[in-house]
Amino acid sequence: MMILRNSPPSPFGRKVRIAADLLGLADQIEVREVDLNDPADSIRVQNPVGKIPVLILKDGTTYYDSRVIVEYLDHIAGGGHVVPRDTKVRFEALRLQALCDGILDASLLMVYENRYRPPEMHVQSWLDRQADKVARGLAALEASPPKLDQAIEPLPNVGQITLACLLGYRDLRFAGTWRKDYPRLVAWLDQFAAQVPAFAETKVAA
């Protein structure tokens with residue numbers, strides 16, 4: 001049994017859980033929650049930088065971050081499923097993943113600024129810079145949402161999974177404010193959710 005160290009609200013952990021479900025590997029993975037605020041949590045041994053998610057194999061090998069974990073899971077599932085083999089489709093999926101991961105990174109920095117720094121110490125220029133990254137990224141995605149049937153296999157690819165997790169995180173931590181400005185992405189997410197039951201199954205209440 002593999003072990004996934006994760007925290008339910010993490011969009012990166014959600015990416016791994018959705019991929020595992022799509023690949024038929026969910027029953028081979030035990031999810032164990034992480035307390036990132038606990039200095040004694042073993043996450044700092046399993047991943048020296050103390051970030052989630054981390055996948056622990058039966059022999060104790062650890063893989064991180066979500067991009068590496070999903071690649072590994074796709075590999076042991078036979079390859080070419082959520083990480084396509086076809087060169088053009090593969091790099092489109094990886095580029096989409098990189099864009100969505102970048103928007104998520106900016107979103108997380110905004111959350112952490114408000115969570116860990118008192119209001120009088122907030123740096124508005126820093127928050128504005130992250131918000132601009134999010135807005136530019138979502139605008140690019142709205143202009144050209146990915147097609148859900150573009151993968152070689154009849155599964156969403158890793159870029160599409162990451163986009164769904166990004167939009168879900170914006171719902172969770174930013175009260176879904178993105179929805180009024182990005183109707184094509186709203187429709188895209190509805191279609192993804194209808195095709196991928198694991199998206200609803202991994203949802204965390206706000």
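The values are calculated or read from the model by the stated rules, or taken from the named source; none is laboratory data. Keep in mind that this is a model prediction, so the values were computed, not measured. Glycine also receives a Cβ, built like all others from the backbone with ideal geometry; neighbour counts cover every protein chain displayed.
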Requested in this report: Return the only residue of R90, R67 being surrounded by 17 or more Cβ atoms within 10 Å (Cβ to Cβ), in contact (Cβ under 8 Å) with a residue 24 or more places away in the chain and among the charged types (D, E, K, R).
Outcome: R67
Query raised in the report: Restricted to region 70-87, and to residues that are farther than 19 Å from L163 by Cα and β-branched (V, I, T), which residue is surrounded by the most Cβ atoms within 10 Å (Cβ to Cβ)?
Result: I76
Query - Subset of region 34-58 [surrounded by 13 or more Cβ atoms within 10 Å (Cβ to Cβ) and acidic (D, E)] - result: D41
Requested in this report: State the number of residues belonging to region 182-206 that are in a helix (DSSP H, G or I) and either of a type in the set (D, E, K, R) or in contact with a Cys (Cβ under 9 Å, 6 or more places away or on another chain) (or both).
Outcome: 4
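Conditions (1) buried (at least 19 other Cβ atoms within 10 Å of the Cβ); (2) within 26 Å of A26 (Cβ to Cβ); (3) free of Cβ contacts under 8 Å to residues at least 12 places away in the same chain; (4) among the hydroxyl-bearing types (S, T, Y), marked per residue:
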position	(1), (2), (3), (4)
V111	no, no, no, no
M121	no, no, yes, no
P156	yes, yes, no, no
L167	yes, yes, no, no
R179	no, no, yes, no
Requested in this report: Might you let me know whether region 45-64 holds any residue that is under 18 Å from the mean Cα position of the chain (by Cα) and in a helix (DSSP H, G or I)?
Outcome: no
Query raised in the report: Of the residues in region 129-154, how many are exposed (fewer than 11 other Cβ atoms within 10 Å of the Cβ) and either modelled with pLDDT of 90 or more or aliphatic (A, V, I, L, M) (or both)?
Result: 2
Requested in this report: Could you tell me which of the residues L99, L104 is at pLDDT 95 or above and in contact with a Phe, Trp or Tyr (Cβ under 9 Å, 6 or more places away or on another chain)?
Outcome: L104
Report task. With respect to L22, determine if the residue is on the phi < 0 side of the Ramachandran plot and over 12 Å from the mean Cα position of the chain (by Cα). Result -> yes
Report task. Return yes or no: is L104 hydrophobic (A, V, I, L, M, F, W, C) and without any contact (Cβ under 8 Å) to a residue 60 or more places away in the chain? Result -> no
Query raised in the report: Restricting attention to region 156-181, which residues are outside any helix (DSSP H, G or I) and small (G, A, S)?
Result: A175, G176
Query raised in the report: Taking the condition of a type outside the set (K, R) and more than 18 Å from the chain's Cα centre (by Cα), does V89 pass?
Result: yes
Query raised in the report: Any chance region 175-195 includes a residue that's within 15 Å of L99 (Cα to Cα) and of a type in the set (V, I, T)?
Result: no
Report summary line: Exception for A135 within (1) in a helix (DSSP H, G or I); (2) within 17 Å of S66 (Cα to Cα); (3) free of Cβ contacts under 8 Å to residues at least 12 places away in the same chain falls at (2)
Report summary line: Matching residues in region 20-44 (part of a strand (DSSP E or B) and acidic (D, E)) number 2
